[in-house]
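What follows draws every value from the coordinates through simple rules; no lab data is involved. In this text the structure is predicted, and so the values were computed from the model without any measurement. Note that we place each Cβ from the backbone using ideal geometry, even for glycine, and neighbour counts take in every protein chain shown.
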Amino acid sequence: MKTGVYPGSFDPITYGHLDIIKRASSLVDTLLVAVGTNPSKNALFDVDERIALIRQCVGDLHNVVVDRFQGLLVRYAKEKNANTVFKGLRAVSDFEIEFQTALVNRELEPQVETVFLMTDYKYAFLSSSLVKEVADLGGDIQKMVPPCVEKELQEKLKQARMMPK
Ligand code: PNS
């Protein structure tokens with residue numbers, strides 16, 4: 001049985017992530033979508049909220065399991081008997097950091113292989129940060145995230161605006 005891990009912040013999940021989840025899940029028996037915390041990013045949704053949104057979006061993919069992880073990604077992968085880590089590549093700008101990360105991860109755990117999947121060209125421009133910015137400025141995000149994510153994001157931004165600065 002082949003298990004793969006697709007890690008990310010998913011703050012929130014976008015159609016670009018979903019495209020990679022569909023591609024990756026067709027290559028393994030089980031795909032773990034592993035939600036982690038990136039200390040260099042200020043998350044809008046907490047991990048439980050992000051997991052709940054992903055679960056709503058991947059309901060029809062029978063071999064996808066949504067999970068959380070902390071600490072080293074390769075340690076998590078090893079604990080779960082996963083020997084493949086999937087990463088989505090959008091543009092050349094992703095390559096540099098992903099190349100470095102993949103080499104560090106190989107150094108830490110040679111048995112875990114990183115596999116890069118090219119996102120659909122339709123989503124090559126897409127990132128969670130951009131979606132949040134566009135939504136915050138009143139732009140249309142319908143083509144970027146599923147309806148349930150759009151609804152929760154608008155609600156979250158409304159709450160954030162009501163918070164005293
Ligand atoms: O790019 P993202 O989506 O913000 O990534 C978030 C996450 C949590 C997947 C990423 O920060 C990560 O892999 N963290 C694990 C830390 C780790 O293993 N570091 C060593 C390799 S450089």
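Using a Gaussian network model of the chain in which every pair of alpha carbons under 10 angstrom is joined by a spring, one finds that among L72, L32, L137 the greatest mean-square fluctuation is at L137. The lysines within cross-link reach of K2, meaning a Cα-to-Cα straight distance under 25 Å and a gap of 8 or more places when in the same chain, are K22, K78, K80, K87. If you wrap the tightest convex hull around every Cα atom of region 57-104 and split its volume per residue, you get 115 Å³.
Just need the relative contact order of region 32-165 here, percent rounded to a whole number, with Cα pairs under 8 Å and 6+ apart. Relative contact order comes out at 21 percent.
Tell me, what does the Kirkwood hydrodynamic radius of region 9-87 come to in angstroms if you use every pair of distinct C-alpha atoms? Let's see the in-between values first.
Numbers: mean 1/r = 0.0769 Å⁻¹.
Value: 13.0 Å, from the Cα pair sum.
Projected label points at K2 and L61, each 7 Å from Cα along the beta carbon direction, are separated by 1.5 nanometres. Take the Kirkwood radius over Cα pairs of region 6-49, plug it into Stokes-Einstein at 4 °C and 1.567 mPa s, and you get 114 µm²/s for translational diffusion.
Okay, helix-only estimate at 222 nm for the chain: each DSSP H run of n ≥ 4 adds -39500 (n - 2.57), divide by all residues, round to 500 deg cm²/dmol; what do you get?
Working: 6 runs with 71 residues, N = 165.
Mean residue ellipticity at 222 nm (helix-derived): -13500 deg cm²/dmol.
Taking the chain as a Gaussian network of alpha-carbon nodes connected by springs under 10 Å, the highest mean-square fluctuation of the residues T101, T84, T37 belongs to T101.
For D46 and E155, the difference between the fully extended length at 0.36 nm per residue and the C-alpha to C-alpha distance is 37.8 nm.
Where nothing but the Cβ of Lys and Arg (+1) and of Asp and Glu (-1) is charged, how large is the charge dipole of the chain around its Cα centre, in debye to the nearest 20?
Numbers: 21 positive and 22 negative charges, 28 e Å.
Dipole about the Cα centre, nearest 20: 140 debye.
For the chain, a Gaussian network of Cα nodes joined below 10 Å ranks G36, G16, G59 by mean-square fluctuation, and the top entry is G59. Hey, which aspartates and glutamates would be in cross-link range of K122, C-alpha to C-alpha under 12 Å, not counting anything within fewer than 8 residues on its own chain? Within the straight-line limit of under 12 Å, K122 reaches these aspartates and glutamates: D19. Size of region 1-155: Rg and Dmax of its alpha carbons, in Å, are 15.0, 46.
Placing +1 on the Cβ of every Lys and Arg and -1 on the Cβ of every Asp and Glu, with no other charges, gives region 101-165 a dipole of roughly 380 debye about its Cα centre.
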